[in-house]
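Let me give you the structure first, and then I'll get to my questions.
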Amino acid sequence: MTQALSQTRTGGPALPQERRLVTDIPGPRSTELLARKKAAVADGVGTTLPVFVEAAGGGVIVDADGNSLIDLGSGIAVVSVGNAAPGVVRAVTEQVAAFTHTCFMVTPYAGYVEVCEALAELTPGDHAKKSALFNSGAEAVENAVKIARVATGRDAVGVFDHAYHGRTNLTMAMTAKNMPYKNGFGPFASEIYRAPMSYPFRDGLSGEEAAARAIDHLDKQVGVANLACIAIEPILGEGGFIEPAPGFLPALAAWAKDNGVLFIADEIQSGFCRTGAWFAVDDEGVIPDLVTTAKGIAGGLPLAGVTGRAEIMDSVHVGGLGGTYGGNPVACAAALGSIAEMKEHRLDARALEIGTLIRGRLEKLAAEHAVIADIRGRGAMQAIELCAPGTKDPDAARAAAVSAYCHKSGVVTLTCGTWGNVFRFLPPLVISDALLEEAFDVVAEAFAATA
């Protein structure tokens, strides 16, 4: 993608696609705002990079001091089409001028229906599908579990090691990592059972072997007759961008189908072109019973969905699904604009180009720095895991040091993983090659400076 093409999708030519540092990070204006945040915002709401944003688009974020930072995070995989994609801006502007809210459960509107129609078209499988819309990924996962329990008449939910599904009480129970997501917030919802995940770097198992281990665990410790569903991220997000070994997901899906267990694909972080396909399960032809979506669906506005087989979705009684703001008309307009941008600009193909560029840079880095123990991911969802050289002992301190260097140098980077030792790279799908190359020049400098 050329620099010019990227710039046409930033919401206007006034936002140069460049890294530019005019103050320290954070600068004086951001520092002033941080003091105000400390006084007014609960301490439990943290920030990764302490700059306050005034404009963003394409592959850059401009802060209150005029610094322009390269964005390798996309608001955690949300603004795949950019922070101010023209199609999203137009759709939202028109909808705001018409009306901002009626509550779909009171007086419905076409936008909600159109988003559900788009989800039926785009999600895996050619069976009849229906959807329900919500506000956040956690809400989508929670409602998928509700639907699965009604449809099957069973209670138990199978989840996996290193999983992240949200911050509500039920989704905290489904999430594996204690700090910062669960610590002190219990007791959690019951009937949640955790199975071992396929983690090729650490377990060395084939997909089929890892699936047999997980299935044996669920069958023996929970009982397949008690399982309503298994919920899994096709590529784990917060847990460390773990990509299961080939064959793992198909084997789980086949076992679930044979035993009346619903297979829920949590595509909240991996969906909407992020991995080079519209959904990550497409890579192995897995057809989930239910798919949860959020993040990249609406170009930055809060929207989430549960899409599934029509007979499963219709198993819930009238009034059993919904919420005051679920499928808000402005968010629905944003989703329709965002999906149109993805189709028009073939952002699934662009994600593959981005992945090739990033993977090449990461492989070169790994050859130079033994601390990089694993490279993994797909499309524009790539990661490296840092370990003490020659071991599999997590090196979270080095990850923190490299990330801090990148932040000071004007590149937004994110860490993740159960041990905090994984870098995840999630650039907007409209970023230019030039910005990506410059960003990874900084990442390389960061590894050299912290060696």
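Nothing in this text is a laboratory measurement; each read-out follows from the coordinates by a stated rule. Quick caveat: nothing in here was measured; it's all calculated off a predicted structure. Because the Cβ atoms are built from the backbone with ideal geometry, glycine has one as well, and the counts that use them run over all protein chains shown.
Ordered by residue, what ³J(HN,Hα) values in Hz, to whole numbers, does segment 354-359 give under the Karplus form 6.51 cos²θ - 1.76 cosθ + 1.60, where θ = phi - 60° and Gly and Pro are x?
Listing the rounded values in order: 4, x, 5, 5, 5, 4 Hz.
Step by step: find N for segment 262-375, compute 2.2 N^0.38 Å, then divide the Cα radius of gyration by it. What's the final number? Walk me through the numbers on the way to the answer.
Values: Rg = 17.8 Å, N = 114, 2.2 N^0.38 = 13.3 Å.
For segment 262-375, the normalised Cα radius of gyration is 1.34.
Also, quick follow-up: Distance from the Cα centre of segment 97-128 to that of segment 260-333, in angstrom?
12 Å
What shape does segment 112-246 take by its C-alpha gyration tensor, where a ≥ b ≥ c are the square roots of the eigenvalues and a/c under 1.5 counts as rounded, a/b above b/c as prolate, and the rest as oblate?
The shape class here is rounded.
Counting other Cβ atoms within 10 Å, which chymotrypsin sites (Phe, Trp or Tyr not before Pro) in segment 84-176 have at most 14 and lie in a DSSP loop?
PHE99
Taking only DSSP H segments of four or more residues, each worth -39500 (n - 2.57), what value at 222 nm results for the chain once the sum is divided by all its residues, to the nearest 500 deg cm²/dmol? Could you put the intermediate results ahead of the total?
Numbers: 15 runs with 173 residues, N = 451.
Estimated from H runs of four or more residues: -12000 deg cm²/dmol.
Output wanted: per-residue J couplings in Hz (rounded whole) for segment 380-388, from phi through Karplus 6.51 cos²θ - 1.76 cosθ + 1.60, θ = phi - 60°, x for Gly and Pro.
Here the 3J(HN,Hα) series is 8, 9, 10, 8, 10, 10, 9, 9, 4 Hz.
So what's the Cα pair-distance distribution over segment 88-344, bin width 5 Å, in %?
Per 5 Å bin, starting at 0, the Cα pair percentages come out as 1, 7, 14, 18, 19, 17, 12, 7, 4, 1, 0, 0.
Taking amide H positions as placed in the peptide plane 1.01 Å from N, state which residues far from TRP419 in sequence (5 or more) or on other chains have amide H under 5 Å from it.
none
Run the reach check for LYS130 against lysines, Cα to Cα strictly under 23 Å, same-chain hits fewer than 8 apart removed. What comes back?
Correct list for LYS130: LYS146, LYS257, LYS295, LYS343.
Taking segment 206-278 as the region of interest, what is the percent of Cα-Cα pairs per 10 angstrom bin, listed from the shortest bin to the one with the maximum distance?
Whole-percent P(r) values from 0 Å outward: 19, 49, 29, 4.
Which residue, chosen from LEU290, TYR181, ALA77, occupies the Cα position most advanced towards the positive end of the dipole of the chain, where the dipole is computed from +1 (Lys, Arg) and -1 (Asp, Glu) charges on Cβ about the Cα centre?
Positive-most Cα among the choices belongs to TYR181.
Report the equivalent ellipsoid semi-axes for the chain in whole Å, largest first, defined as the square roots of five times the eigenvalues of the gyration tensor built from alpha carbon atoms.
That gives 33, 28, 20 Å for the three semi-axes.
Please report, for the Cα atoms of segment 43-155, the Rg to one decimal and the Dmax as a whole number; what are they, in angstrom?
My reading of the Cα-based Rg and Dmax gives 18.7, 56 Å.
Sticking with this structure for a sec: Is the C-alpha gyration tensor of segment 145-225 telling us rounded, prolate or oblate? Criteria: a/c under 1.5 is rounded; beyond that, a/b larger than b/c is prolate, otherwise oblate.
Details: a/c = 2.37, a/b = 1.19, b/c = 2.00.
Judged from the Cα gyration tensor, segment 145-225 comes out oblate (a/c at least 1.5, b/c at or above a/b).
Then there is this: Short version: ³J(HN,Hα) in whole Hz for each residue of segment 337-347, in order, from phi by Karplus 6.51 cos²θ - 1.76 cosθ + 1.60 (θ = phi - 60°), x for Gly and Pro, what are they?
For segment 337-347, the Karplus-derived couplings read x, 5, 4, 4, 5, 4, 5, 4, 9, 6, 6 Hz, x marking Gly and Pro.
Now for a different question. Which of the peptides 383-396, 360-373 is most tightly packed, and how do the rest follow, going by the mean number of other Cβ atoms within 10 Å of each residue?
Values: 383-396: 17.5, 360-373: 15.8.
In descending order of packing, they fall as 383-396, 360-373.
Could you tell me which of rounded, prolate or oblate describes segment 352-413, using a ≥ b ≥ c as the square roots of the eigenvalues of the alpha-carbon gyration tensor, with rounded for a/c under 1.5 and, failing that, prolate when a/b is larger than b/c and oblate otherwise? The partial results should precede the final answer.
On the way: a/c = 1.97, a/b = 1.17, b/c = 1.68.
Oblate shape, in that a/c is at least 1.5 and b/c is the bigger or equal ratio.
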